[in-house]
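Before any comments, here is the structure.
The values are calculated or read from the model by the stated rules, or taken from the named source; none is laboratory data. Predicted model only: the values in this text are computed from it and were never measured. Positions of Cβ are backbone-derived with ideal geometry, glycine not excepted, and every protein chain shown enters the neighbour counts.
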């Protein structure tokens, strides 16, 4: 790939971050970073509506990030959003404005995908090790727990608790006392108990904390000599001393210790309560602090895509194995679907790369629902794709794949509203038509076929003799034309005599 700059944007529930790196071979060297305490989660109402003030703070920050990213190519920037935008009911409205402010697409990622990327970032920020590591990342609205080895995450979970959400819930006026802190710590412990048994059974050698809360705690313990040996990192004893001092101070702002920045103070009590529960529930004596976390993980995942090690390809292959997909049928349908798409667009051009890849993935996954039941298998498959944890895929990616899997057959009125210019119509045509032509699941050659797209729909040209010899397919094509007509599109099947066959 050579020298190139890539960038990651992290729309966290507490802070928005921008990281720019320089790529040399398989390594990324930090060039620039920006961080702003947007506190998006503090603008989330009980009804899960993100208020205008929080949205405005986010948009202003993203406009500044957008200025820094001017000149970057689309494929060199990846922006991800986490828990607050996973749960906000008006997230799509905000993201539309946010993408305009930033100048790049924004992906809302699931909790386990966030955990995977966090681990990748931490693993690349720390010295190599052969043992298993537990990584805990306390964000603004969620906390991720990952056990991994080397650069491979093995066990991943995301729990709905964060420094912003817990500070608002248990310390709404900023005041901290013994009872409030105890209540917050117990609530966090209850959440962690859900995963504690399995995690302890899996085991780990080294405990690592990332995120702003962990950095603040580690800095405070070290700068104020609260660890028993005076060393770096976070010790159980040091955390207990910090907890006692925080309760005595009565608020995060009242805690006069070196290392606590004013912008961290309002959400500090919630973060400390969660961290204390992590130590007690998982039986941890000491944690080291690691830089990197999500934004560095996003950069290395993006680098993997450049080097053709796209995690999404790996995930699709794992799903094929898990759901025992008929690989021969996938190969048949893919070959024909790509042949069709190749007549509609120049599929070798870089601007169409994403469309080709999504069609390939959709075809690879189009029959996974058969593992549940053959009747309505496209509906079962669409549900799996939309609901499962799919490492590497954003929520938007999964929605698109789910739509293609659902739309591969049957009535098209069941599909959500799709703009007429959306490439999804082309992809739907290709997967539907290819699946229809290979319904017999045999390796008999298909006749030469020609397709065209117009503003009104699609035209397919097939030999008259072949249609006569395949009445089942001919009938299915007539029915298919009716399906398209009911959603406002034309599908014309033209018969071609042998004399008019293409050379």
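Listed here are the strands (runs of 3 or more DSSP E) enclosed by the stretch 89-175 that have at least 2 residues being under 30 Å from residue 254 (Cα atoms), in contact (Cβ under 8 Å) with a residue 12 or more places away in the chain and under 16 Å from the mean Cα position of the chain (by Cα): 143-149. Being in a loop (DSSP other than H, G, I, E, B) and either surrounded by 14 or more Cβ atoms within 10 Å (Cβ to Cβ) or in the same structural domain as residue 180 (by TED's automatic domain parsing) (or both) is a description that applies to residue 325.
Yes or no, residue by residue, for (1) loosely packed, with under 14 Cβ neighbours inside 10 Å; (2) at pLDDT 95 or above; (3) in a helix (DSSP H, G or I):
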{"position": "338", "(1), (2), (3)": "no, yes, yes"}
{"position": "341", "(1), (2), (3)": "no, yes, yes"}
{"position": "346", "(1), (2), (3)": "yes, no, no"}
{"position": "357", "(1), (2), (3)": "no, no, yes"}
{"position": "360", "(1), (2), (3)": "no, yes, yes"}
{"position": "364", "(1), (2), (3)": "no, yes, yes"}
{"position": "374", "(1), (2), (3)": "yes, no, no"}
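Residues of the stretch 73-95 being modelled with pLDDT under 95, out of contact with any strand residue (DSSP E or B) (no Cβ under 6 Å at 6 or more places or on another chain) and farther than 24 Å from residue 144 by Cα, which ones? Answer for the stretch 73-95, where residues must be modelled with pLDDT under 95, out of contact with any strand residue (DSSP E or B) (no Cβ under 6 Å at 6 or more places or on another chain) and farther than 24 Å from residue 144 by Cα: 73, 74, 75. In the stretch 238-250, the qualifying residues are those that are in contact (Cβ under 8 Å) with a residue 40 or more places away in the chain and in a helix (DSSP H, G or I), and the one that is surrounded by the most Cβ atoms within 10 Å (Cβ to Cβ) is 239.
Being part of a strand (DSSP E or B) and at pLDDT 95 or above: is that true of residue 10 here? So residue 10 fits the description; yes.
Every condition in (1) in a helix (DSSP H, G or I); (2) out of contact with any strand residue (DSSP E or B) (no Cβ under 9 Å at 6 or more places or on another chain) is met by residue 397 except one, and the failing one is (2). Taking the stretch 423-443 as the range and being closer than 19 Å to residue 338 by Cβ, in a loop (DSSP other than H, G, I, E, B) and without any contact (Cβ under 8 Å) to a residue 60 or more places away in the chain as the test, only 439 passes. Within the stretch 389-422, can you find the residues that are out of contact with any helix residue (DSSP H, G or I) (no Cβ under 8 Å at 6 or more places or on another chain) and closer than 30 Å to residue 297 by Cβ? Across the stretch 389-422, the qualifying residue is only 396. Annotation: residue 29 fulfils all but one of (1) loosely packed, with under 13 Cβ neighbours inside 10 Å; (2) modelled with pLDDT of 95 or more; the unmet one is (2). Candidates 333, 385: the one that is surrounded by 15 or more Cβ atoms within 10 Å (Cβ to Cβ), touching a helix residue (DSSP H, G or I) at 6+ places or on another chain (Cβ under 6 Å) and touching a residue at least 60 places away in the same chain (Cβ under 8 Å) is 333.
Looking at (1) surrounded by fewer than 18 Cβ atoms within 10 Å (Cβ to Cβ); (2) within 27 Å of the chain's Cα centre (by Cα), which is the only condition residue 431 fails? Going through the list (1) surrounded by fewer than 18 Cβ atoms within 10 Å (Cβ to Cβ); (2) within 27 Å of the chain's Cα centre (by Cα), residue 431 breaks only (1). Within the stretch 222-237, the set of residues being in a helix (DSSP H, G or I) and either outside the structural domain of residue 270 (by TED's automatic domain parsing) or modelled with pLDDT of 95 or more (or both) comprises 236, 237.
Any residue in the stretch 251-262 that is assigned by TED's automatic domain parsing to the domain that holds residue 224, assigned to a helix (DSSP H, G or I) and surrounded by fewer than 21 Cβ atoms within 10 Å (Cβ to Cβ)?
no
Of all the residues in the stretch 176-218, those that are touching a strand residue (DSSP E or B) at 6+ places or on another chain (Cβ under 9 Å), surrounded by 14 or more Cβ atoms within 10 Å (Cβ to Cβ) and in a helix (DSSP H, G or I) number 12. Starting from residues that are part of a strand (DSSP E or B) and touching a helix residue (DSSP H, G or I) at 6+ places or on another chain (Cβ under 6 Å), keep the ones in the stretch 24-42 and report whichever is farthest from residue 271 (Cα to Cα). Filtering the stretch 24-42 for residues that are part of a strand (DSSP E or B) and touching a helix residue (DSSP H, G or I) at 6+ places or on another chain (Cβ under 6 Å), the one farthest from residue 271 (Cα to Cα) comes out as 28. Screening 187, 201 for residues that are under 25 Å from residue 388 (Cα atoms) and out of contact with any helix residue (DSSP H, G or I) (no Cβ under 7 Å at 6 or more places or on another chain) leaves exactly one candidate, 201.
Applying the criterion of being buried (at least 19 other Cβ atoms within 10 Å of the Cβ) and in contact (Cβ under 8 Å) with a residue 40 or more places away in the chain to the residues of the stretch 221-237, the residue that is farthest from residue 291 (Cα to Cα) is 235.
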